[in-house]
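Presented below is the structure to which this report refers.
The values are calculated or read from the model by the stated rules, or taken from the named source; none is laboratory data. Predicted model only: the values in this text are computed from it and were never measured. Positions of Cβ are generated from backbone atoms using ideal geometry, with glycine treated the same way; all protein chains shown enter the neighbour counts.
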Amino acid sequence: MTLPQTSRPLDVIVIGSGIAGMSTAIALTLSGHRVRVFERVRQLTEVGAGLQVSANAGHVYNALGMGEALIARSVPPDRWVVRLGTTGEVLTAFDLGRPHLEQHGFPCCNIHRADLLDILLDRLHAVAPGALHLGAEATGYAETGNNVTVDLADGRQISGDLLVAADGVRSPIRSQILGPDRAEFSGNVAWRSVIPADRLPADFMPPDHVAWVGPGRHFVMYWLRNRTLLNVVGVVEGSTDVEESWTVRADWQTFKSDFAGWHPDIQAAINASDRENCFRWSLNIREPVFNWRSERAVVIGDAAHPMLPYLAQGAAAAVEDAAILTRVLAGDAAVPAALERFQRIRAPRAARVVESANRLRRINHMSDEAELRKLIDASADLFAERDTWLYCYNPITAPLDP
Ligand SMILES: Cc1cc2nc3c(=O)[nH]c(=O)nc-3n(C[C@H](O)[C@H](O)[C@H](O)COP(=O)(O)OP(=O)(O)OC[C@H]3O[C@@H](n4cnc5c(N)ncnc54)[C@H](O)[C@@H]3O)c2cc1C
């Protein structure tokens with residue numbers, strides 16, 4: 001499965017070299033466009049923790065020529081397990097390994113975000129040498145009927161046929177297209193830590209994806225890098241607002257006290273966390289938006305559809321954008337018409353993902369245990385339903401205008 005070749009190569013400016021920006025730059029280059037990527041930071045450093053990659057994203061990585069590299073550096077979880085945070089009782093579990101692969105043709109994988117960015121960067125350098133420009137911060141843009149010009153903070157102006165803004169939740173291009181950001185603090189913060197396996201008890205846990213749930217909080221654990229690192233995420237309600245960033249360090253004692261009284265495995269994981277390197281991300285809610293474009297500029301990734309992380313689909317939705325944008329731009333339509341078509345295809349699906357993630361917040365943090373059990377019992381259907389509309393979608397082959 002490959003991306004279509006364009007009959008009308010464009011000069012494309014991509015802002016941001018996260019997962020959305022790099023996957024789009026690779027996809028558009030493979031399709032025959034000339035792409036330049038402008039990234040604000042001067043040096044790309046290892047950021048973030050674990051990411052789950054499901055088949056809907058996996059198909060795109062295959063088409064970008066990096067599916068095998070991604071699988072090689074991932075850990076495929078055997079099962080999805082939901083346990084009660086306090087006692088550890090298993091509330092539900094289902095197979096995730098073989099069934100996901102057999103049903104969708106790509107395994108569900110857990111990968112370190114830094115490893116995924118590394119693979120993307122290698123691929124970008126291979127297909128478009130010299131395309132990435134670091135230390136280049138976009139501040140805004142102007143467009144005419146024929147081209148678009150991006151202003152950089154250092155005074156430079158870059159012109160092209162199309163601007164793709166993949167510059168994350170605080171995108172200045174998003175503000176220009178959509179108006180001021182309307183983010184509302186969800187009252188939840190996510191603790192993140194990556195723990196070397198040798199700091200944990202031997203045979204700490206099998207290669208499962210485990211979600212521990214309880215009143216007002218939940219805790220997720222899964223293995224990364226050949227089971228040498230344990231990724232943990234602890235989400236807590238009722239916390240005060242902090243920054244919405246991968247790189248905000250926070251006090252380990254607060255992490256510890258946020259999960260006081262929970263299962264010994266959770267205590268073991270928190271105790272083994274590097275006390276100087278616990279990160280806390282503030283989770284904001286933004287209602288889905290449907291106007292992603294102007295005439296020659298479009299937002300993608302978190303700049304277009306920021307979401308709560310409960311469905312593990314933010315990056316997956318970003319690479320779906322990369323594939324669909326590339327497919328619509330391969331046709332004969334003029335840029336504004338192609339962007340309109342892209343938005344018509346992508347915005348409703350992205351909105352469904354955002355709203356589904358919002359709904360999961362309820363199940364993860366249910367305060368009444370009886371109610372929680374009822375919801376979990378009913379959730380087998382929910383997981384099956386998710387398989388049919390979310391993971392089954394192949395952005396490389398799905399009809400563009402159903
Ligand atoms: C706790 C947590 C867990 C998650 N787990 C998962 C998961 O399991 N699976 C999944 O699919 N998703 C997950 N996500 C979501 C996923 O991480 C994001 O959706 C994804 O990283 C967004 O990528 P992006 O490229 O759109 O944005 P970003 O990663 O934010 O990249 C934006 C880039 O643009 C650059 N930039 C910003 N402003 C400018 C500017 N003005 N000029 C130039 N460059 C600029 C930034 O430096 C950055 O490099 C999770 C998120 C969180 C918070």
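Checked against (1) crowded, with 17+ Cβ neighbours inside 10 Å; (2) in a loop (DSSP other than H, G, I, E, B); (3) away from the ligand (no atom under 16 Å from the Cβ), R341 passes all but a single condition, namely (2). With respect to being outside any loop (DSSP other than H, G, I, E, B), away from the ligand (no atom under 16 Å from the Cβ) and either in contact (Cβ under 8 Å) with a residue 24 or more places away in the chain or touching a Ser or Thr at 6+ places or on another chain (Cβ under 7 Å) (or both), L30 fits the description. For the stretch 357-374, a residue qualifies if it is surrounded by fewer than 16 Cβ atoms within 10 Å (Cβ to Cβ), at pLDDT 70 or above and either assigned to a helix (DSSP H, G or I) or within 27 Å of the chain's Cα centre (by Cα) (or both), and the qualifying residues are R359, E369, A370, E371, R373, K374.
One line per residue, one yes/no per condition, for (1) assigned to a helix (DSSP H, G or I); (2) among the hydroxyl-bearing types (S, T, Y); (3) in contact with a Gly (Cβ under 7 Å, 6 or more places away or on another chain); (4) under 28 Å from Y391 (Cβ atoms):
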| site | (1), (2), (3), (4) |
| --- | --- |
| M1 | no, no, no, yes |
| L51 | no, no, no, yes |
| G58 | yes, no, yes, yes |
| N62 | yes, no, no, yes |
| I71 | yes, no, no, yes |
| V81 | no, no, no, yes |
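Evaluate the following for P306: is it at negative phi, in contact with a Lys or Arg (Cβ under 6 Å, 6 or more places away or on another chain) and either within 16 Å of the ligand (Cβ to nearest atom) or not in a strand (DSSP E or B) (or both)? When the stated conditions are applied, P306 passes them.
Taken together, L162, L152 contain a single residue that is crowded, with 17+ Cβ neighbours inside 10 Å and away from the ligand (no atom under 15 Å from the Cβ), which is L162. Yes or no: the stretch 12-24 includes at least one residue that is part of a helix (DSSP H, G or I) and away from the ligand (no atom under 16 Å from the Cβ). Within the stretch 12-24 (the criterion being part of a helix (DSSP H, G or I) and away from the ligand (no atom under 16 Å from the Cβ)), the answer is no, since none of the residues qualifies. Scanning the stretch 19-42 for residues that are surrounded by fewer than 24 Cβ atoms within 10 Å (Cβ to Cβ) and under 20 Å from G314 (Cβ atoms) yields E39, R40, V41. Given (1) within 13 Å of the ligand (Cβ to nearest atom); (2) surrounded by fewer than 20 Cβ atoms within 10 Å (Cβ to Cβ); (3) touching a residue at least 24 places away in the same chain (Cβ under 8 Å); (4) of a type in the set (S, T, N, Q), identify the lone condition not met by T45. Unmet condition: (3). Taken over the stretch 259-284, the residue count meeting the criterion of being within 16 Å of the ligand (Cβ to nearest atom) and surrounded by fewer than 18 Cβ atoms within 10 Å (Cβ to Cβ) is 1.
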